[in-house]
Amino acid sequence: MTFRAQHLLGIEPLAPAEITALLDRADRYVAFNRGAAKHADSLAGMTQVNMFFEPSTRTQASFELAGKRLGADVMNMAMRASSLNKGETLIDTAMTLNAMHPDLLVVRHPNSGAVDLLAQKVTCAVLNAGDGRHEHPTQALLDALTIRRAKGRLHRLTVAICGDIAHSRVARSNIWLLGKMENRIRLVGPPTLMPAAAAELGVEVTDDMRAGLADADVVMMLRLQRERMDGGFVPSEREYYHRFGLDSDKLAHAKPDAIVMHPGPMNRGVEIDGTLADDINRSVIQEQVEMGVAVRMAAMELLAENLRAARAEAAHG
Ligand code: NCD
């Protein structure tokens, strides 16, 4: 079985074999990206449009580079400066763009579900680059590839996901992916930052970093997403760091070879100690960024193959 989907909207609908197929393809692009000639042509002739309705540095740059390395024509739309400000709806914008025949549409939006809605209205392949607190599939895939390469496997690991779980699409996509691959997942954070239905996700939940990190293979830290809070979630950054910030004392409860992850952007001294984040013996944060480009190349290439196959079938059928 390979990857058959038309869009990449989330991890939830994917089968484990599809995840593995995607990661295997991405692994090959890691080696490719380390070479001198970083140019292939599997997306040649195709148009990729990046529509980011929320600020983004690494995700947008990563998608842009991924498309360019595969030979696509890539356009970035600055959505805040677009006609959305003139009252045009998301769907109107999508339909207008669709009329220009893009092949790949990469969308980030502050509302959960907005990218799914958009995918129903267009004829190209849509990739979710993060919708509200719902899903961020390429982030979970790049995290999975990072873990698989560091640990040599992607199953039967204990993974502690720590911090602001409630507002995090990264956490949600990772819970889906790591759960499908049969890992033990612990959510660690203050009750005010835990999703209401955490217990139904098939995970362990604790507000104690020691218990949560005990014997963990992977420690995944999350950013405090202040832009999605309306006050009152955390007492003070100082107190938060004391209880939930990752430093070497807390990390000592995890396995001696546990890896430290963070999707970025980091609040140093809030959810993670800056020195630990930079410690190349423990932190794989830079590897995560590297894997991001490879995963996005693999995802766009697989979707492009499916798109070509669907178009060929439509032309003959
Ligand atoms: C994450 C996001 O935007 O969801 N960042 C990212 O994609 N690199 C996490 C975050 O914003 O904290």
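Mind checking the dipole of the range 189-317: about its Cα centre, +1 per Lys or Arg Cβ, -1 per Asp or Glu Cβ, Debye to the nearest 20? Could you put the intermediate results ahead of the total?
Details: 13 positive and 22 negative charges, 68 e Å.
The calculation lands at about 320 debye.
Could you name the aspartates and glutamates in cross-link range of residue 250, using Cα to Cα under 19 Å and dropping any fewer than eight places away on the same chain?
Within reach: 164, 204, 207, 208, 215, 217, 237, 239, 271, 273, 278, 279.
Please list, in order along the range 277-288, the HN-Hα scalar couplings obtained from phi with the Karplus expression 6.51 cos²θ - 1.76 cosθ + 1.60 (θ = phi - 60°), rounded to whole Hz, x for Gly and Pro.
Those phi angles translate into 4, 8, 6, 5, 7, 10, 8, 10, 4, 5, 4, 4 Hz.
Under 28 Å from the Cα of residue 255, which lysines turn up, not counting those fewer than eight places away in the same chain?
Partners within reach: 151, 180.
Quick one: compute the contact order of the range 104-144, relative version, from alpha carbon pairs under 8 angstrom and 6+ residues apart, as a percent. Write down the numbers at each step before the final one.
Numbers: 57 pairs, mean separation 17.3, N = 41.
Relative contact order here is 42 percent.
Calculate for the chain the 222 nm mean residue ellipticity that helices alone would give, adding -39,500 (n - 2.57) per DSSP H run of length 4 or more and normalising by residue count, nearest 500 deg cm²/dmol. Walk me through the numbers on the way to the answer.
Working: 11 runs with 126 residues, N = 317.
Computed ellipticity for the chain at 222 nm equals -12000 deg cm²/dmol.
Against the longest principal axis of the chain, how steep is helix 169-180, in degrees 0 to 90 to the nearest 10, with axes from Cα atoms?
Computed tilt is about 90 degrees.
For the chain, modelled as a GNM with alpha-carbon contacts under 10 angstrom, which of 183, 281, 306 fluctuates the most?
Comparing 183, 281, 306 in a Gaussian network model of the chain, the most mobile one is 281.
Using only Cα atoms, find the angle between the long axis of helix 137-151 and the longest principal axis of the chain, and express it within 0 to 90 degrees, rounded to the nearest 10.
60
Nearest-5 percent of antiparallel DSSP beta bridges in the chain? Intermediate values should be presented prior to the final figure.
Numbers: 1 of 36 bridges.
Antiparallel bridges: around 5 percent, rounded to the nearest 5.
Say each of residue 281 and residue 78 gets a label point 7 Å from the Cα, pointing the same way as Cα to Cβ; how far apart are those two points in nm?
Modelled inter-label distance: 4.5 nm.
Assuming a ≥ b ≥ c are the square roots of the Cα gyration tensor eigenvalues, decide whether the range 108-250 counts as rounded (a/c under 1.5), prolate (otherwise, with a/b larger than b/c) or oblate. Walk me through the numbers before you get to the answer.
Details: a/c = 2.11, a/b = 1.25, b/c = 1.68.
The shape class here is oblate.
Starting from the Cα gyration tensor of the range 7-57, take the square roots of the eigenvalues, sort them a ≥ b ≥ c, and report rounded, prolate or oblate (rounded when a/c is under 1.5, otherwise prolate if a/b is larger than b/c, else oblate). Working shown, then result.
Values: a/c = 1.76, a/b = 1.09, b/c = 1.61.
Taking the square roots of the gyration eigenvalues as a ≥ b ≥ c, the range 7-57 is oblate.
I want the local charge near residue 279. Using Cβ-Cβ distances under 15 Å, sum +1 for each Lys or Arg and -1 for each Asp or Glu among the other residues.
Taking every Cβ under 15 Å from that of residue 279, the sum is -3.
What does the charge count around residue 234 come to, taking other residues whose C-beta lies under 15 Å from its C-beta (Lys +1, Arg +1, Asp -1, Glu -1)? Each step should come with its number before you reach the end.
Values: positive: 223, 226, 228, 238, 243; negative: 164, 207, 227, 230, 237, 239, 271.
Once positives and negatives cancel, what remains is -2.
With everything on Cα atoms, drop me the angle between helix 58-69 and the longest principal axis of the chain, reported from 0 to 90° to the nearest 10.
Long axis of 58-69 versus the principal axis of the chain: about 40 degrees.
Considering only 105, 97, 43, give the residue with the highest GNM mean-square fluctuation for the chain, with springs between Cα atoms whenever their separation is below 10 Å.
Checking each option, the largest mean-square fluctuation is seen for 97.
Mind listing the long-range amide H neighbours of residue 76? Cut-off is under 5 Å, sequence gap 5 or more, other chains count too, H placed in the peptide plane at 1.01 Å from N.
50
So how strong a dipole does the chain carry about its Cα centre when Lys and Arg Cβ are +1 and Asp and Glu Cβ are -1, to the nearest 20 debye? Mind dumping the intermediate values first?
Values: 36 positive and 39 negative charges, 89 e Å.
Once rounded to the nearest 20, the dipole reads 420 debye.
No lab work stands behind these numbers, since they all come straight from the coordinates. Computed from a predicted structure; not experimentally measured. Positions of Cβ are generated from backbone atoms using ideal geometry, with glycine treated the same way; all protein chains shown enter the neighbour counts.
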